[in-house]
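J.: Submitted below is the structure of interest, expressed as structure tokens.
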Amino acid sequence: MSGLADTGAAVGVVLAAGYSARMGDFKALLDVGGKSAAARLIDALREGGAREVVLVTGHARERLAGLVGAGGAVEAYNERFAEGMFSSVRAGLAKALEITGGRASACLLSPVDCPLVPASAIKALLDAHRKQPGRFIVPCYRGKKGHPLLIPAAFLPEILAHAGEGGLKAVTDRREDDLLRLETGDEGVVLDMDSPAGYAEIRAHCARLASARNKGEADDPRDAIRRFTGTVFLIRHGETKRHAEGIFLGQTDVPLSDEGRRQATEAARELLARGARAERIYTSDLARAAETAEIIARILRAQRGGAFPAVESDARLREMHLGAWEGRFIREIKEAFPDEYARRGAHILTWKRGHDGENYYDLRYRAEKWLAEALKDTRELVAVTHAGVIKAIRAAFSDLPPEAAWSLDIPRGAVIRLDVRDGTREA
């Protein structure tokens with residue numbers, strides 16, 4: 001241990017105590033670009049300016065012994081790791097205070113799931129902290145929050161005293177006005193490997209970076225969107241069956257109404273009138289979109305006298321997930337959570353409910369990931385989806401500011417045609 005007697009030292013805290021149950025393998029030691037995930041993250045924290053790194057262990061503690069001491073980290077064993085992640089957060093932050101004699105200026109907290117955080121992002125966080133020392137700071141990629149979270153020393157007692165309900169997010173939600181979102185332009189800060197699919201995406205990202213370096217090029221996942229020239233048809237699903245009163249719909253799965261089916265039929269006729277020829281219709285897998293897409297496809301097939309267009313569903317085209325508020329009456333939410341409902345109104349683009357909830361930037365990120373893949377090797381794209389996704393896709397082609405994109409009106413059953421050449425225009 002180097003010892004941290006000087007005021008202003010920042011400490012990295014890597015959470016690696018969990019069971020890795022969803023992954024099915026021990027995440028901390030998975031290979032990521034030639035290093036274990038934990039080693040890569042420890043190195044990035046140190047190279048970025050953390051004076052010391054705490055590695056929080058628990059399950060399979062002995063397998064991480066090589067990363068302690070000469071391996072670059074100080075261990076914080078969390079004997080209560082089975083209680084969940086917040087127990088590891090407390091163990092790591094307490095160890096950070098211990099090794100600094102209570103004089104740490106900040107902690108950089110990250111789960112081991114996020115091994116691609118670059119040293120440049122750590123440096124940027126610490127630079128921002130020196131300018132605004134009293135704020136939480138989170139690195140972002142195109143507005144989507146990532147890791148690590150920089151926690152100023154002033155908030156450590158509040159976190160350590162927190163009973164645990166709602167985890168760390170319960171504390172940061174109360175401090176929304178004290179949170180600085182720092183744009184990094186690096187997708188590595190948001191990529192995580194909580195599941196095999198996430199790990200596969202991280203490996204693919206590493207391969208793209210290596211290929212780009214070998215060619216002397218920059219790797220940007222949005223290049224496919226920038227290079228695309230052709231036509232995009234975006235169709236919002238038809239009207240859904242009515243509820244007794246207004247609800248937070250989000251990803252709640254509800255079928256079309258009779259009016260919604262009529263709107264889908266009209267959308268098909270409009271596509272025919274506009275000369276759509278795509279052999280595939282992409283759709284959200286939620287019932288209201290999938291049924292709209294099937295109605296459209298059936299009419300187009302009948303007119304064309306063939307088997308196309310095929311319908312392909314993708315969960316990335318779903319509407320924004322509203323967390324625990326999904327499917328609940330708006331009136332009920334206003335009455336039960338007046339303060340949080342008010343925060344939602346004040347921070348409409350960044351607000352999210354719980355760990356499963358999404359905000360506009362989360363939605364935009366997954367919509368753009370889908371779009372970049374779908375645009376490859378095509379000149380015409382047809383997608384049946386939801387208002388939020390359509391807003392994000394339209395913004396992707398025009399660099400429309402988030403506030404302007406969010407305020408767009410997308411009627412149910414609407415067909416929006418984007419002709420993409422040197423710019424985007426709606427036909």
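Every read-out reported here was derived from the displayed coordinates using simple, explicitly stated rules and does not represent laboratory data. Please read all numbers here as calculations on a predicted model, not as lab measurements. Reconstructed Cβ throughout: ideal geometry from the backbone, glycine too, with neighbour counts over all protein chains shown.
J.: Report, for the chain, the % of DSSP beta bridges that are antiparallel, rounded to 5. Present the calculation step by step, with values, prior to reporting the outcome.
T.: Values: 20 of 55 bridges.
Close to 35 percent.
J.: Would you mind checking Lys95/Lys145; Lys169/Lys376; Lys123/Lys169; Lys131/Lys334 for any pair whose Cα atoms are more than 32 angstrom apart?
T.: Numbers: Lys95/Lys145 25 Å; Lys169/Lys376 38 Å; Lys123/Lys169 24 Å; Lys131/Lys334 38 Å.
Check vs 32 Å cut-off fails for Lys169/Lys376; Lys131/Lys334.
J.: Given Leu182, Leu108, Gly167, which one lies farthest toward the positive end of the charge dipole of segment 10-209, if we put +1 on the Cβ of every Lys and Arg and -1 on the Cβ of every Asp and Glu?
T.: Leu182
J.: Toward the positive end of the charge dipole of the chain, about the Cα centre and with charges on Cβ (Lys, Arg +1; Asp, Glu -1), which of Met193, Ile296, Gly92 goes farthest?
T.: The one lying farthest along the dipole's positive direction is Ile296.
J.: Under the rule a/c < 1.5 gives rounded, and otherwise a/b versus b/c splits prolate from oblate, where does segment 223-426 land using the Cα gyration tensor? All intermediate terms of the calculation are to be shown ahead of the outcome.
T.: Details: a/c = 2.25, a/b = 1.40, b/c = 1.61.
The shape class here is oblate.
J.: Near Ala267, within a Cβ-to-Cβ distance under 14 Å, what is the net charge of the other residues, with Lys and Arg +1 and Asp and Glu -1? Don't skip to the answer; put the middle values down first.
T.: Numbers: positive: Arg236, Arg261, Arg262, Arg269, Arg274, Arg288, Arg298, Arg412, Arg417; negative: Glu239, Glu259, Glu266, Glu270, Glu291, Glu294.
Result for the local shell: +3.
J.: Please compute the net charge surrounding Arg242, taking Lys and Arg as +1 and Asp and Glu as -1 over other residues with Cβ under 12 Å from its Cβ.
T.: Details: positive: Lys241; negative: Glu239, Glu245, Asp258, Glu259.
Here the count lands on -3.
J.: To check my understanding: the extent here is largest minus smallest coordinate of the Cα atoms along each principal axis. What are those three numbers for segment 50-149, in Å, largest first?
T.: Principal-axis extents of segment 50-149 (Cα, largest first): 38, 31, 28 Å.
J.: Setting aside same-chain residues fewer than 8 positions from Lys215, which lysines have a Cα under 18 Å from its Cα?
T.: none
J.: From the Cα gyration tensor of segment 360-427, with a ≥ b ≥ c the square roots of its eigenvalues, which class applies: rounded if a/c is under 1.5, or else prolate if a/b is larger than b/c, or else oblate?
T.: The shape class here is rounded.
J.: Shifting gears a bit: What GluC sites (Glu not before Pro) does segment 166-220 have in DSSP loop regions with at most 13 other beta carbons within 10 Å?
T.: Answer in residue order: Glu217.
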